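So the structure is just underneath, and the comments pick up after that.
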Amino acid sequence: MTATDQVKNQEQPASPGESPMVWAEGVHKSYGRNEVLKGIELTVGRGEVVCLIGPSGSGKSTFLRCINHLERVDGGRLWVDGEVVGYTQRGDKLHELSDREICRRRTHIGMVFQNFNLFPHMTVLDNLIEAPRRALGQKKGEATQRALALLEQVGLQDKTHAYPRHLSGGQQQRVAIARALCMEPKLMLFDEPTSALDPELVGDVLAVMRDLAATGMTMAVVTHEMSFARDVADRVVFFDDGQVVEEGPAARVITDPQHRRTQAFLRAVR
Amino acid sequence: MTGDAGAGAQAPPAPHVDDQPESQRPAELSVDAAELTIVPQRHIGRWIAAAVLLVIAALMVNSVVSNERFQWDVVNTYLRDVSIGRGLWLTVWLTAVCMMVGAALGVLLAVMRLSGNPVIRTAAFGYVAFFRGTPVLVQLLLWFNLAALYPVITFGLPGVNLDANAIITPLAAAILGLGLNEAAYMSEIVRAGILSVDHGQQEAAGALGLTRGQTMRRVVLPQAMRVIIPPTGNETIGMLKTTSLVSVIAVPDLLYAAQTIYSRTFQPIPLLVVASIWYLVVTSVLSVGQFYLERRFSRGNRTLAPTPLMRLRAAVSTHAALSGRKSS
Ligand SMILES: Nc1ncnc2c1ncn2[C@@H]1O[C@H](COP(=O)(O)OP(=O)(O)OP(=O)(O)O)[C@@H](O)[C@H]1O
Ligand SMILES: [Mg+2]
């Protein structure tokens, strides 16, 4: 499906303020001949925490990466905050965004990766203030002030001047979360944030995410932590083979899955 | 909020200077370890090898110093000759300029090689293939004789009408020949450096809203430097010596200055020795610079190699600790 196809049969969300934060309708994505997303239907409401679960290779990461346009959508419709991802609408035409405009939109979406991806040549503080200064044009003092407050929020104020490699995995991931929050995002994406961590460090990171959820942040979280999904998520979405197989309130999907494949998956991860 | 996982971790016990492997220490020994005398391991083989090498070195130095035909007095005179000094300065200057041209163009070519556009990729590939595939001396001579190919340079633009003979001076030909050639090698080095940086870094920077240029400048290239600097140091040292080729197109560099003098005085050996000494001095200085540059760019990445000064301090303090222990 092409961009113009997208326009023809779209029902634009009424206005950005009322639309869901993420709205996917029939999102397709292929790598070569390998169709990875086969028509994803999904919404994430404002202030909602949605956990994406599902087997390896089911397309969870790919979908998350489509949301902030690290990957292009091949077909279907995907809105973030009332705007079509990767395009801007003028009249009845969708214009592809310039690189600069894509970057500007990404500043509103925070992303946390499985393997942290901190910048190893910068101290913790420099990791945090780099993007606010370069992408948002903040003054150094202003950015630093916010960074220090966020480091305190994630319990790492004493690591301000450390280099990432001198931190534990759990500490690095908390720095990565603080780094994303420095941009004051309206949406946070987490791609298996605790999968690379030693078991005893998982709790610290999940605690930070719990607190973040409590502040009303909109979050889409790919995770294998079922207890986190049950306790923190408003809704759980089960992915399998590039499709959403089942979704619903967290407690219902996890304790009483309806679909055969969801049942099999949950039996396996327990 | 959350506790700091790392803060509670115990510091490792302070290492004992006289810690010996468990096996060498009799289990029933009840004497305090501090009272034991240390007998360092003796490396007999190494001592013998070192002695042999010293003897050989002494013989070589003796043969060089005592050989009248080196004409050390002449070497001594011309080592501080003004025209040699000017040649040395030009050699260093030319090395710096050519390396800067090569590095700047090399980064550009490396980024082009990694572009999504196949035309841009191929253009960079073709450049590298041509400039690496032909001898640099040939390239120098071609630039020097450019006027024979293009007597008038217009760049294809109306109103531009330049006399090639006037523009392509020997020095310009040298900079073009060596700089453009160097760019081909530097682009491969920079490309390897960029590829050595984990792709997740670019994703993280992109997800934070940094542009591709900012990502390259602030995130990727600084990390690539760790891989780029050591071979670039070698390239610089290589360039210093390669500049001696420009003497064939009459650029008055260090070698050319030496040649000019010995064509007058008929003392080629001492003057070539003078040139060699200066080349050696500059390459030594460059090697030291390379060491500190590498150290600077490995920040946050691995434990830094100690500087000679740090090594000296460490040796002295270990010594002090040992002797202090014995005397107490
Ligand atoms: N850049 C890429 N090029 C080609 N194929 C890719 C690429 N990225 C992902 N894929 C393929 O897309 C499919 C879905 O991958 P994705 O990473 O989205 O799965 P996932 O649900 O996140 O799995 P996991 O739990 O292992 O992270 C996989 O088959 C993978 O091989
Ligand atoms: Mg994944």
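The values are calculated or read from the model by the stated rules, or taken from the named source; none is laboratory data. As the structure is a computational prediction, the values presented were derived from the model and not from experiment. Neighbour counts are summed over all protein chains in view; Cβ atoms, including those assigned to glycine, are modelled from backbone coordinates with ideal geometry. Only protein heavy atoms, including side chains, enter the accessible area calculation; ligands, DNA and RNA are left aside. Shrake-Rupley method; radii C 1.70, N 1.55, O 1.52, S 1.80 Å.
List, in order, the whole-Hz ³J(HN,Hα) value for each residue of the range B:71-77 obtained from phi through the Karplus relation with A = 6.51, B = -1.76, C = 1.60 and θ = phi - 60°; use x for Gly and Pro.
Each residue's phi maps through the Karplus curve to give 6, 4, 5, 5, 3, 4, 5 Hz.
Excluding residues on the same chain fewer than 8 positions from A:Lys29, give the aspartates and glutamates whose Cα lies under 17 Å from its Cα.
By straight Cα distance, A:Lys29 reaches A:Asp5, A:Glu41, A:Glu71, A:Asp74, A:Asp240, A:Asp241.
Which cross-chain or sequence-distant (5 or more) residues have an amide H under 5 Å from the amide H of A:Gly76, H modelled 1.01 Å from N in plane?
Sorted by chain and number, the residues that satisfy this are A:His28.
Using each residue's phi in the range B:39-52, evaluate 6.51 cos²θ - 1.76 cosθ + 1.60 at θ = phi - 60° and report the 3J(HN,Hα) Karplus result to the nearest Hz, with x for Gly and Pro.
Karplus values, whole Hz, x for Gly and Pro: 10, x, 5, 9, 9, 4, x, 4, 4, 5, 4, 4, 4, 4.
In deg cm²/dmol and to the nearest 500, what is the mean residue ellipticity at 222 nm of chain A if only DSSP H runs of at least 4 residues count, each as -39500 (n - 2.57), divided by the residue total?
-10500 deg cm²/dmol
Calculate how many DSSP beta bridges within the protein assembly as shown are antiparallel, expressed in % of all such bridges and rounded to the nearest 5.
If we restrict to bridges inside the protein assembly as shown, about 60 percent are antiparallel.
For the protein assembly as shown, give the percent of accessible area contributed by carbon and sulfur heavy atoms, probe 1.4 Å, rounded to a whole number.
About 59 percent, which is the carbon plus sulfur part of the accessible surface.
Going by a 1.4 Å probe on protein heavy atoms, which residues of the range B:169-204 end up with at least 40 Å² less accessible surface in the whole assembly than in their chain alone?
B:Gln201, B:Glu203, B:Ala204
Express the relative contact order of chain A as a whole percentage, based on alpha carbon pairs under 8 Å and six or more residues apart in sequence.
25 percent
What is the protein assembly as shown by shape, rounded, prolate or oblate, if you read a ≥ b ≥ c off the alpha carbon gyration tensor as root eigenvalues and call it rounded for a/c under 1.5, prolate for a/b larger than b/c, and oblate otherwise?
It comes out oblate by the Cα gyration axes.
How far is the Cα center of the range A:44-64 from the Cα center of the range A:233-249, in Å?
Using only Cα atoms, the two centres lie 7 Å from each other.
Under a 10 Å cutoff between Cα atoms, tell me which one of A:Lys140, A:Lys29, A:Lys159 has the largest fluctuation in the Gaussian network model of chain A.
Among A:Lys140, A:Lys29, A:Lys159, the largest mean-square fluctuation in the Gaussian network model of chain A belongs to A:Lys140.
Which of the peptides B:94-100, A:231-237, B:126-132 is most tightly packed, and how do the rest follow, judged by the mean count of other Cβ atoms within 10 Å per residue?
Top of the packing list down: A:231-237, B:94-100, B:126-132.
Which residue, A:Val175, A:Val50, A:Val154, tops the fluctuation ranking in a GNM of chain A built on C-alpha contacts under 10 Å?
A:Val154
Scan the range B:212-294 for chymotrypsin sites (Phe, Trp or Tyr not before Pro) in coil per DSSP, keeping those whose Cβ has at most 13 other Cβ atoms within 10 Å, and list them by number.
Of the chymotrypsin sites (Phe, Trp or Tyr not before Pro), the ones in loops of the range B:212-294 whose Cβ has at most 13 other Cβ atoms within 10 Å are B:Phe266.
Where does the range A:195-270 land on Rg(C-alpha)/(2.2 N^0.38 Å)?
1.14
Quote the total accessible area buried by chains A and B together, excluding ligands, DNA and RNA, probe 1.4 Å, nearest 100 Å².
2800 Å²
From the Cα gyration tensor of the range B:89-242, with a ≥ b ≥ c the square roots of its eigenvalues, which class applies: rounded if a/c is under 1.5, or else prolate if a/b is larger than b/c, or else oblate?
In terms of gyration-tensor shape, prolate.
Separation of the range B:171-206 and the range B:228-263 by C-alpha centroid, Å?
Each part's Cα centre sits 22 Å from the other's.
Classify chain A from the C-alpha gyration tensor, please: rounded if a/c falls under 1.5, else prolate or oblate depending on whether a/b exceeds b/c.
oblate
Of the candidates A:Arg133, A:Arg105, A:Arg33, which one comes out as most mobile in a Gaussian network treatment of chain A with C-alpha springs shorter than 10 Å?
Of A:Arg133, A:Arg105, A:Arg33, the most mobile in the Gaussian network model is A:Arg33.
With a 1.4 Å probe and every protein chain left in place, work out the accessible area per residue of the range B:89-242 in Å², rounded to a whole number.
That works out to 48 Å² per residue.
Under the Karplus relation 6.51 cos²θ - 1.76 cosθ + 1.60, θ = phi - 60°, what is the ordered set of whole-Hz ³J(HN,Hα) values for the range A:160-168, x standing for Gly and Pro?
Once θ is set to phi - 60°, the couplings for the range A:160-168 become 3, 9, 7, 8, x, 5, 8, 9, 6 Hz.
Write down, largest first, the equivalent ellipsoid semi-axes of the range B:163-263 in whole Å, where each equals the square root of 5 times an eigenvalue of the alpha-carbon gyration tensor.
After scaling each eigenvalue by five and taking roots: 40, 16, 8 Å.
How big is the antiparallel share of DSSP beta bridges in chain A, given as a percent to the nearest 5?
The antiparallel fraction comes to roughly 60 percent.
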